[in-house]
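Student: Structure incoming, see below.
The values are calculated or read from the model by the stated rules, or taken from the named source; none is laboratory data. Computed from a prediction, not measured in an experiment: that's the story for all the values here. Every residue, glycine as well, gets a Cβ built from its backbone with ideal geometry; the counts of neighbours run over all protein chains shown. The accessibility values were calculated without ligands, DNA or RNA, using every heavy atom of the protein model including side chains. Shrake-Rupley method; radii C 1.70, N 1.55, O 1.52, S 1.80 Å.
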Amino acid sequence: MFHHYPPLSLPQLKQMNLKSGRVYQVLDGTDEGIHYPSITRVLGAKPKPQLEAWKRRVGHQEAQRVSQAASGRGTKLHALVEQYVGNNTVDTIEPHVFELWQHLVPWLDAHITGVYGQECDLYSRKLEIAGRTDMIATVDGALAIVDFKQANRPKKEEYIGDYYLQGCFYAAALYEHTDMLCEKIVIPIASPQGLQVFVTTPNEHFGKLRERIAEYHKYLTLHTHL
């Protein structure tokens, strides 16, 4: 059984998937009615030449098939984590998800020592972005943003920079709303080969996060005037 702290007082957001990308509308408080772009939209605006090269190599249909399969598997894995950590009965696990789940469960049992919330809405008035973090928890006794990922094969750390920036945003937004200082960003990545857990601190990435937000606004301005 996982220990759950009293619920945090966090904003309520409405997710909206527009043609231009995902945004969140603030539903309460002094910022009610304001729309903010999602952190994934902001980070996704930067060109990814390696990804585009892969799409060209395998073809549009195959790339779409792989992406949809990965998205579906990731959604199911996240739902299992939410049920399990929420001390609820876990659904029947499909084989292609179980090959990831079996690696993740021992880590959850060994390292999650308390849970503040799962699927938590957050936004930052200062950074003007929003998002939804997988988990706010104590990991090995330290307050952490935990963002679960899945992959077809193990990841090299140099390829997960955006995951760190995503976690950094969540940590900054959490502090803005609660004054709680996150000590860690924890990124568990499950693949059929096993589990990798990458750990960093928010302070290491805040400067880069601000740079990427500025790049996003520059990109948006450029393409708005094309």
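Student: Give, rounded to the nearest 20 debye, the magnitude of the charge dipole that region 1-147 has about its Cα centre when Lys and Arg contribute +1 at Cβ and Asp and Glu contribute -1 at Cβ. Spell out each step's value before the answer.
Tutor: Working: 15 positive and 16 negative charges, 186 e Å.
Roughly 900 debye, rounded to the nearest 20.
Student: While we're here: If the chain between D179 and N152 were fully stretched, how many nm would it gain, using 0.36 nm times the residue separation less the Cα-Cα distance? Mind dumping the intermediate values first?
Tutor: Details: separation 27, 0.36 × 27 = 9.72 nm, distance 3.71 nm.
That pair, D179 and N152, stretches by 6.0 nm at full extension.
Student: Further question on the same structure: Extent of region 117-226 along each principal axis, from alpha carbon coordinates, in Å, largest to smallest?
Tutor: Answer, in whole Å and largest first: 46, 35, 24 Å.
Student: What does the helix-only formula give at 222 nm for the chain: each DSSP H stretch with n ≥ 4 adding -39500 (n - 2.57), the total divided by the residues, and the result rounded to the nearest 500 deg cm²/dmol? Don't jump to the answer; show the numbers that get you there.
Tutor: Values: 6 runs with 96 residues, N = 226.
The per-residue figure over the chain is -14000 deg cm²/dmol.
Student: L143: net charge of surrounding residues, Cβ under 12 Å, Lys/Arg +1, Asp/Glu -1, itself excluded?
Tutor: Details: positive: K184; negative: D140, D179, E183.
Net local charge, L143 excluded: -2.
Student: While we're here: Along the Cα→Cβ direction, 7 angstrom out, place labels at E32 and E204. What is the inter-label distance in nm?
Tutor: Modelled inter-label distance: 4.1 nm.
Student: With every protein chain present, what is the per residue accessible area of the chain (1.4 Å probe, Å²)?
Tutor: Numbers: 12410 Å² over 226 residues.
Dividing the accessible area of the chain by its residue count gives 55 Å².
Student: Related question: Measuring from the lowest to the highest alpha carbon on each principal axis, how far does the chain reach, largest first, in angstroms?
Tutor: 53, 48, 30
Student: For the modelled label position 7 Å from the Cα of E99 along Cα-to-Cβ, which residues of region 138-166 have backbone nitrogen atoms closer than 15 Å?
Tutor: Backbone N within reach: 150-154.
Student: Work out, in µm²/s and without decimals, the Stokes-Einstein translational diffusion coefficient of region 168-212 at 10 °C, 1.306 mPa s, Rh from Kirkwood over C-alpha pairs. Write down the numbers at each step before the final one.
Tutor: Values: Rh = 11.8 Å.
Taking Rh from Cα pairs, D becomes 135 µm²/s.
Student: Have a look at the DSSP beta bridges in the chain and tell me what percent are antiparallel, nearest 5. Write down the numbers at each step before the final one.
Tutor: Working: 31 of 38 bridges.
Close to 80 percent.
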